[in-house]
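The values are calculated or read from the model by the stated rules, or taken from the named source; none is laboratory data. These figures come from a predicted structure and were not determined experimentally. Glycine also receives a Cβ, built like all others from the backbone with ideal geometry; neighbour counts cover every protein chain displayed. Protein only, heavy atoms only, side chains kept; ligands, DNA and RNA dropped before computing areas. Shrake-Rupley method; radii C 1.70, N 1.55, O 1.52, S 1.80 Å.
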Amino acid sequence: MLRIEDLHASVAETPILKGVQLSIGPGEVHAIMGPNGSGKSTLSKVLAGDESYTVESGRVDFEGQNLFEMPPEERARAGLFLGFQYPVEIPGVNNSYFLKAALNAARAARGEPEIDPVSFLKRVRERAQWVGLDDSLLKRPVNAGFSGGEKKRNEIFHLAVLEPRLAILDETDSGLDIDALRAVADGVNRMRDPQRSFLLITHYQRLLSYIEPDYVHVMVRGQIVRSGGKELAAELERSGYAAFEDEEAA
Amino acid sequence: MAADKSDEALEGLAQRGYSAGFYTDIEQEFAPPGLDESTIRFISDKKREPAWMLEWRLEAYRNWLGMTAPQWQKVRFAPIDFQAISYYAAPKRGPASLDEVDPKLLETYAKLGIPLHEQKMLAGVQEQEPAPGTAAGETTKPRVAVDAVFDSVSVTTTFKEELARSGVIFCSISEALRDHPELVRRYIGTVVSRRDNFFAALNSAVFSDGSFVYIPEGVECPMELSTYFRINAGHTGQFERTLIIAERGSSVSYLEGCTAPQRDEHQLHAAVVELIAHEDARIKYSTVQNWYPGDEQGRGGVYNFVTKRGLCAGARSKISWTQVETGSAITWKYPSCVLQGDDSQGEFYSVAVTRGRQQADTGTKMIHIGRNTRSQILSKGVSADDADQTYRGLVKILPSAAGARNYSQCDSMLLSDRCGAHTFPYLDVRHPSAQLEHEATTSRISDEQIFYCKQRGISEEDAVSMIVNGFCKEVFQELPMEFAVEAQKLLEITLENSVG
């Protein structure tokens, strides 16, 4: 599904990622944890193709294609989804209209016809329920005037409608109360599928008690310094990140 | 919608975004360039006008000679040589009836996608009801009566007879001068006088055609009325005059569309539109203006200097202007409402899009005279490339206008760091009970917004068009359905490659 090899990336000439290695297979759920400034969010932005980050070296293959040869919209259409840490407001653009355009762009890229309005409506209603998104938010402009919790639910709602192959969730849990966190986790768990992979980026272990990962990675200063099973998250919770500060890349 | 890029759009792109830039090779009759009293006599004679009309024109011309072109607007252009313009151009083959219309002319309108070319209606069969078995889409399509004006003359008006049955008069102003001279004489120049401004005076002297609408008392006009204006000939000015009268308790929705071929020289379009709404009457006037904007260096393009004004003469009357302005090298127009009747209402909804070297100085005037008069202004300006745009509006509350209210909102969106947006809202309030609200915003499309859209699989172009359409939505909602779709398409074509 995704293979990251020796990835180096910088922002405004400051190196952030310093040789990231990671492989994600189909159906796997990976979590990357790490302290603030370790490069977790940078990794998600680089994978999605944010132009404010510069890839210095390394290679990423996504479903057998060289990711860095694809512009961001092609990556999205090929099934790479990023749930934003800070979802962006798009005034004037109706949320479900936006999703329909997104869905149809992916379908067009696969040579499929546009989704018919009835199926689309059905899908949208059903998935909104999955994440507990209020129906009224479907007709409102994308994220405009949404509360913090509503914005995060809306990201998971987009994920549920677009059905990507790989979903990267960048600190989706931050700033959520317990009910919203549960709703978000329910949505993600519903979307788990042998053909769909997840990369959860989080600061806290909390999310991982709702979404059980197959693998946990610890990122420190732009490198993955330790990888393990879900028990690693518990260890982190006990010892904190300080214990990993001195470790070199695994 | 955004995702499917039609062939039309691509063709438009190939022509730097202007898809109506073709020229029709048609035999035309011209007045020689230049302007003096003999030119005016020539035009009046061509149109076989009554003597009073000629006198009216000549007086306007004498007014005009003593006037100077306005300087206060925020646009730059070289002085216009009024002696280099031809003031009359007409297709040579007379448009006496539709059968006689030059087929090339019909082709032109067909290219422009004008419903006029719905052949069934035009083939002379006058088949009003769709035959059984026609596509469902056609039966539900609202019917629109069209008056088409090609350079200086009106070439055809559809649905005339059906309209006449309900007493509605919809014809070219030349015909109105022949068939209903008393109505024209009573109303022409009563809202926009011959001395109103430099270009209105010029228009009064030389106007060659335009549309005339009369809705009798209590009649709700049974269909949308529409005029398409087309400048075709080179070195020609278009000076059309539109006059719409809605008698007590009547209502009408009127649409106007405009295009011109791509030419290297500037073409002058100086129209006058007058609306009169009597007691309880409603007039809705919508414009989609797509005159040729000129090329990237600012060569060519139409100067769109237009005076549009409506008089809410009677109590509880209402006039609503909606405009979508994407074309012209320079636009200045201020569709206005004079709210004379008590409880009358004026509305102005506008989307103006400028790119390349286009300049627009546009807005409205709301003159409150009657008691409890209300007005609403909603202006959306979008600028890209090196374009410059100004919203200029006046809300005037006279001492007689107790209880007047106004709400104004002016929003600008900038798509490049070289373009400009300016807002000049003038308020002149002479009654203490007036309530006025004004809101203004300026926004840009951020890189974060574009990236977010791309991350969902939406291309940058579609993202921009979506966001701009969203920005303009409240205004588009005011347009009749078919026009709203056209306006959206036009916006997409206009904004191709405008962000970068």
The stretch A:16-52 scanned against label point 7 Å out from residue A:3 along Cα→C-beta; backbone N under 15 Å for A:21-26
Honestly chain A on the Cα gyration tensor test (a ≥ b ≥ c root eigenvalues; a/c under 1.5 rounded, otherwise a/b vs b/c for prolate or oblate) is just prolate
Here the net charge surrounding residue B:346, from other residues whose Cβ is less than 10 Å away from its Cβ (Lys, Arg +1; Asp, Glu -1), is +2
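Round to the nearest 0.05 the FRET efficiency obtained for residue A:182 and residue B:248 when R0 = 60 Å and r is the Cβ-Cβ distance. It would help to have the intermediate numbers written out before the result.
On the way: r = 64 Å, r/R0 = 1.07.
Once rounded, the FRET efficiency stands at 0.40.
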Among A:233, A:104, A:65, the residue whose Cα sits farthest towards the positive end of the charge dipole of the stretch A:2-244, when +1 is placed on the Cβ of each Lys and Arg and -1 on the Cβ of each Asp and Glu, is A:104
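Local charge sum around residue A:63 (other residues, Cβ-Cβ under 11 Å, Lys/Arg +1, Asp/Glu -1)?
On the way: positive: A:3, A:75, A:165; negative: A:61.
Around residue A:63, the surrounding residues sum to +2.
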The ³J(HN,Hα) series, computed from each phi in the stretch A:208-224 with the Karplus coefficients 6.51, -1.76 and 1.60 at θ = phi - 60°, rounded to the nearest Hz and given as x for glycine or proline, is 6, 7, 9, 10, 7, x, 7, 9, 10, 10, 10, 10, 9, 6, x, 9, 8
Applied in sequence order to the stretch A:146-162, the curve 6.51 cos²θ - 1.76 cosθ + 1.60 (Karplus, θ = phi - 60°) yields integer Hz couplings, x standing for Gly and Pro, of 6, 6, x, x, 5, 4, 5, 4, 5, 4, 5, 5, 4, 4, 5, 6, 7
Rounded to the nearest 500, the 222 nm mean residue ellipticity computed for chain A from DSSP H runs (n ≥ 4, each -39500 (n - 2.57)) alone is -10500 deg cm²/dmol
Simple spin-label estimate for residue B:76/residue B:427, 7 Å along Cα→Cβ, in nm, reads 3.3 nm
Measuring from its Cα centre, the stretch B:360-500 shows a charge dipole (+1 at each Lys and Arg Cβ, -1 at each Asp and Glu Cβ) which, in debye to the nearest 20, is 940 debye
The helix A:178-191 Cα axis meets the longest alpha-carbon principal axis of chain A at an angle in degrees, between 0 and 90 and rounded to 10, of 80 degrees
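How charged is the neighbourhood of residue A:175? Take every other residue with its Cβ under 14 Å from the Cβ of residue A:175, and add Lys/Arg as +1 and Asp/Glu as -1. If you can, show how the numbers build up before the last one.
Numbers: positive: A:151, A:152, A:153, A:206; negative: A:150, A:155, A:170, A:171, A:173, A:177, A:179.
Here the charged neighbours net out to -3.
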Residues whose modelled amide H sits under 5 Å from the amide H of residue B:394, counting only those 5 or more places away in sequence or on another chain, are B:364, B:365, B:366, B:426
Counting only protein heavy atoms and leaving out ligands, DNA and RNA, the solvent-accessible surface of residue B:196 at a 1.4 Å probe, in Å² to the nearest 10, equals 60 Å²
SASA check, residue B:52, accessible area w/ 1.4 Å probe, all protein chains in place, rounded to nearest 10 Å², comes out at 50 Å²
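In the stretch B:347-453, what is the volume of the convex hull around the alpha carbon atoms, normalised per residue and reported in Å³?
On the way: hull volume 10.0 nm³, N = 107.
Output value, Cα hull per residue: 93 Å³.
Give, to the nearest whole percent, the P(r) tail of the stretch A:211-250 beyond 12 angstrom, counting all Cα pairs.
On the way: 423 of 780 pairs.
Looking at the stretch A:211-250, the distances longer than 12 Å represent 54 percent of pairs.
When the accessible area of chain A is split by element with a 1.4 Å probe, what percent falls to carbon and sulfur?
Carbon with sulfur: 46 percent of the solvent-accessible area.
Sorted by accessible area (1.4 Å probe), largest first, how do B:62, A:226, A:238 line up? Please list the in-between numbers first.
Working: B:62 115, A:226 75, A:238 185 Å².
The ranking, largest first, comes out as A:238, B:62, A:226.
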Percent of all Cα-Cα pairs per 5 Å bin for the stretch A:183-250, counting from 0 up to the last occupied bin, reads 3, 15, 26, 24, 16, 9, 6, 1
Compactness summary of the stretch B:446-499: radius of gyration and Dmax from Cα atoms, Å, are 12.0, 34
Expressed in nanometres to one decimal, the distance between label points 7 Å along Cα→Cβ at residue B:437 and residue A:136 is 1.9 nm
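Working with all protein chains in place, sort B:437, B:274, A:73 by solvent-accessible area computed with a 1.4 Å probe, largest first. If you can, show how the numbers build up before the last one.
Numbers: B:437 105, B:274 0, A:73 30 Å².
Sorted by accessible area, descending: B:437, A:73, B:274.
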For the residue B:62, residue B:179 Cβ pair and Förster radius 22 Å, calculated FRET efficiency rounded to 0.05 is 0.20
Relative contact order in percent for the stretch A:2-244 (Cα pairs under 8 Å, 6+ apart) equals 29 percent
Diffusion coefficient in µm²/s returned for the stretch B:321-367 by Stokes-Einstein, Kirkwood Rh over C-alpha pairs, 10 °C and 1.306 mPa s, is 135 µm²/s
For the stretch A:2-244, the charge dipole (Cβ of Lys, Arg +1; Cβ of Asp, Glu -1; about the Cα centre) points to a positive end, and the Cα of A:78, A:22, A:224 closest to that extreme belongs to A:78
Helix A:95-109 sits off the longest principal axis of the Cα atoms of chain A, rounded to the nearest 10 on a 0 to 90 degree scale, by 80 degrees
Order by accessible surface, 1.4 Å probe, largest leading, for residues A:186, B:428, B:361, B:447 comes to B:447, A:186, B:428, B:361
